[in-house]
Amino acid sequence: MAGKFSQAFRESLTFPQNLVWLLWVAFPLYGFMASNFLLPPDDGYTRQVVMASLTVDISAVEPLVFMVFNFLGVIPMTYALLVLFDGDEQPLPAWPFVILSFVVGAFGILFYVALRRWGRDVEGAKSRLQQQLDTRTGPAILLIVSLLLVIVGAGGSVQSYVDLWQTKPLVHIMTIDLVLLLLVLPFLAMDDMRRRHVDARAWRVLVVAVPLFGVLLYLLSRPKLIDRGASSSAGPA
């Protein structure tokens, strides 16, 4: 494990993965500076947004804030439907970083993305979790939730959101978090297309042009991942 980790780390220091490392370091540093020196201190707005989301009280906050905050729950789930299919070819398991991404967003998952070995076929048999995830149910639910969030956000004010972005640490940081997650997501989807042998330029254009919805539509239509572990262990009939 240690040898695989060190080799993967050396490989990750080359372009373009070194840019992901840069984002992983720069994002929390900027978040700390912004929250403590560049923006007014939190005045309870964070708690207000969290409670509005837990109670689905859309009227309690700016609709666009409600939309973005809840997208930061949808997007880690979308990441999960991609990276949880990584196998023994990776230096570390993906699931701890997926869980961490629900708490700290991009900072949690970007470490794994930077260290991840790209362009590799999945090694090992499909786990029970992977078999359960390799369906259209999860992407369908996420797509419906995302569409509902967009409908909610459509009732908001861009100017009000900009004002909040300039004065509320939560809105400022979560907006940057959202952008970083959406920037990286299409590349994971395209690597998933490669290992599932989906050769469609239209899909690649779609996931780049409309990162979240394009990826969710791809997840709805992608073929099941070949269980290489099962096929390799099967003997002659």
If a residue counts only when it is in contact with a Phe, Trp or Tyr (Cβ under 6 Å, 6 or more places away or on another chain) and open to solvent by 30 Å² or more (accessible area, probe 1.4 Å), which helices (runs of 4 or more DSSP H) contained entirely in region 12-85 have at least 2 such residues? 17-33
Would you mind telling me which numbered condition in (1) touching a helix residue (DSSP H, G or I) at 6+ places or on another chain (Cβ under 8 Å); (2) surrounded by 13 or more Cβ atoms within 10 Å (Cβ to Cβ); (3) touching a residue at least 24 places away in the same chain (Cβ under 8 Å) Thr167 fails? (1)
Which one is farthest from Leu182 (Cα to Cα), of the residues in region 86-105 that are surrounded by 19 or more Cβ atoms within 10 Å (Cβ to Cβ) and within 11 Å of the chain's Cα centre (by Cα)? Phe97
Unique match (being touching a helix residue (DSSP H, G or I) at 6+ places or on another chain (Cβ under 8 Å), over 15 Å from Asp121 (Cβ atoms) and modelled with pLDDT under 95) among Ala200, Ala237: Ala200
Surrounded by 13 or more Cβ atoms within 10 Å (Cβ to Cβ), modelled with pLDDT of 95 or more and of a type in the set (Asp, Glu), is that true of Asp227? no
Over region 86-101, the set of residues touching a Lys or Arg at 6+ places or on another chain (Cβ under 6 Å) and either of a type in the set (Asp, Glu) or assigned to a helix (DSSP H, G or I) (or both) is Glu89
Filter result for the condition that a residue is in contact (Cβ under 8 Å) with a residue 40 or more places away in the chain and within 30 Å of Ala34 (Cβ to Cβ), over Leu54, Leu129, Leu100, Leu142: Leu142
Take the residues of region 191-215 that are part of a helix (DSSP H, G or I), open to solvent by less than 50 Å² (accessible area, probe 1.4 Å) and without any contact (Cβ under 8 Å) to a residue 60 or more places away in the chain: which is farthest from Asp42 (Cα to Cα)? Met193
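The values are calculated or read from the model by the stated rules, or taken from the named source; none is laboratory data. Note that the coordinates shown come from a computational prediction; the quantities given were computed from them, not determined experimentally. Cβ: placed from backbone, ideal geometry, glycine included. Neighbour counts: every protein chain shown. Surface areas here come from the heavy atoms of the whole protein model, side chains and all, with no ligands, DNA or RNA. Shrake-Rupley method; radii C 1.70, N 1.55, O 1.52, S 1.80 Å.
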